[in-house]
Every structure is written in structure tokens, then in C-alpha cells.
Amino acid sequence: DPQVPAQKPRRKLTAQYKLRILAEADRCTTSRQVSQLLRREGLYSSSLTRWRRLREQGLLDAMAPKTRGRKPIEKNPLAGELAKLQKENDQLRKKLWRAERIIEVQKKISQILEIDHSQEGGK
């Protein structure tokens, strides 16, 4: 294929591959042999260090390739109920606001008409 890809595809290294490379690196007796292994496999020494640490901790699952990108957002199981309660709360606030306006208007009308509610109750 004469076309050169724009970007080399990312490698996905399995846990088995990592363990195999670690075993090969452990069999190497000189740093030169380790360097040759790393060059042949196209790896960095920091990868070996990280993989060894994970192997010592017994985190074989952690050595599996990680998925890249954003993590899926977990849906809150109470989100539906929360939305319903917020809507109900908004409706009650509107009703309260209307009731307060009606009471204010009634007070103003009684002041205009000079009606004293305390006298009516005493008759």
C-alpha cells in the first residue's frame, strides 16, 4: 500500500503479553540484554517498572489495557424522582406567590373601603 497512514494505530497490550515480556526481562542477565528486548518490542523501561510493580501487588486485572476517553456517566437512580419533586416544588411556589398577591389585594381593598374587620367581629 503506497499510502502512509496519518497516525499509527495505538497498541493494546494484553496482560498475558506483559507477563511474557516481564518473564523474558527477568531471564536477562545484563542490562544490555534488557535494552535489546525493549528495542525489539518497542517498549520503554518505565513500562517494565510499572508492570513489575503491578505484578508484585497482584493486580493482574490492572495490567489489562485501559479504555481511553471519557468514562460513562452513571445515571443517578433518584434523578427521576428528584425532577418530579422539583417540578412540584415550582408549582407550589407559584401557587404561594398568587395567594400572597390575592391577600395583598384584599388588604388594600379593605383599606380603601375602610372596613375594619375587628369591629365586625364585635357586633
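The values are calculated or read from the model by the stated rules, or taken from the named source; none is laboratory data. From a predicted model like this one, the values you see are computed outputs, not experimental measurements. Don't worry about glycine lacking a Cβ; one is built from the backbone with ideal geometry, like all the others, and counts go over all protein chains shown. Areas reflect the complete protein model, heavy atoms only, side chains present, ligands, DNA and RNA absent. Shrake-Rupley method; radii C 1.70, N 1.55, O 1.52, S 1.80 Å.
Computed on the chain, with alpha-carbon pairs under 8 angstrom and 6+ residues apart, the relative contact order is 25 percent. Only helical runs count toward this figure. For the chain, summing -39,500 (n - 2.57) over DSSP H runs of n ≥ 4 and dividing by all residues gives -20500 deg cm²/dmol at 222 nm. Heavy-atom accessible area for LYS107, with the other protein chains in place and a 1.4 Å probe, reaches approximately 130 Å².
Provide the gained length on full extension for the span LEU19 to LYS94, in nm with one decimal, where the gain is 0.36 nm per separating residue minus the Cα-Cα distance. Mind dumping the intermediate values first?
Working: separation 75, 0.36 × 75 = 27.00 nm, distance 6.53 nm.
My answer for the length gained is 20.5 nm.
Give me the distance in nm between label points sitting 7 Å out from Cα along the Cα-to-Cβ direction at GLU74 and ASP26, one decimal. Taking the simple label geometry, GLU74 and ASP26 are separated by 3.5 nm.
In this label model, VAL105 and SER45 are separated by 8.4 nm, measuring between points 7 Å along each Cα→Cβ vector. Dipole orientation for the chain: of the candidates GLN36, LEU92, GLY69, GLN36 has the Cα lying most toward the positive pole (charges on Cβ; Lys, Arg +1; Asp, Glu -1). Surface exposure of the chain, expressed per residue as accessible area with a 1.4 Å probe, stands at 94 Å². Label-to-label distance for GLN33 and ALA6 is 4.5 nm, based on points extended 7 Å past Cα in the beta-carbon direction. Here is the list for the stretch 82-115: GluC sites (Glu not before Pro) lying in DSSP coil, each with at most 16 other C-beta atoms within 10 angstrom of its C-beta, are GLU114.
Two numbers describe the Cα atoms of the chain: Rg and Dmax, which are 37.2, 113 Å.
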